[in-house]
1. Under a Cβ-Cβ cut-off of 13 Å, what is the net charge of the residues other than residue 62 that fall near it, where Lys and Arg count +1 and Asp and Glu count -1?
2. So, counting K/R as plus one and D/E as minus one, what does the shell of residues with Cβ under 14 Å around residue 15 add up to?
Amino acid sequence: MASDHEPAKILLPYLQRADELQEHEPLVAYNCRLYAMDRGPKIPAGERTKTANALLNSLIKQLEKLPDLQVLNWITGIRFAAEYLSVVHAACNAHTLFVNSWQF
């Protein structure tokens with residue numbers, strides 16, 4: 001982005017976060033790119049530059065190449081379920097310790 005007035009600059013923070021998160025959180029990275037893709041066309045046509053159009057075209061191609069989201073959702077669901085169960089397990093253990101500390 002050579003110009004300070006480049007309208008595509010509003011997309012860069014989302015694309016940078018996507019690049020940072022891609023390896024460990026691919027679903028979050030995908031959503032960052034998707035959000036940038038959603039904001040891109042909202043740049044008024046009269047303000048769009050060749051750079052902005054090239055960035056959006058590149059982003060479309062990148063989103064099309066990403067892995068199957070059903071697999072990513074499944075992995076995320078398993079990760080969430082495991083975290084939830086560990087919290088429930090810890091809460092049950094804490095409750096058991098509390099009840100066992102009562103003396104009758």
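1. +1
2. That sum, taken over residues with Cβ under 14 Å, equals +1.
No lab work stands behind these numbers, since they all come straight from the coordinates. Everything numeric in this text was worked out from a predicted model, so none of it was measured. Here Cβ is always computed from backbone atoms with ideal geometry, including for glycine, and neighbour counts include all displayed protein chains.
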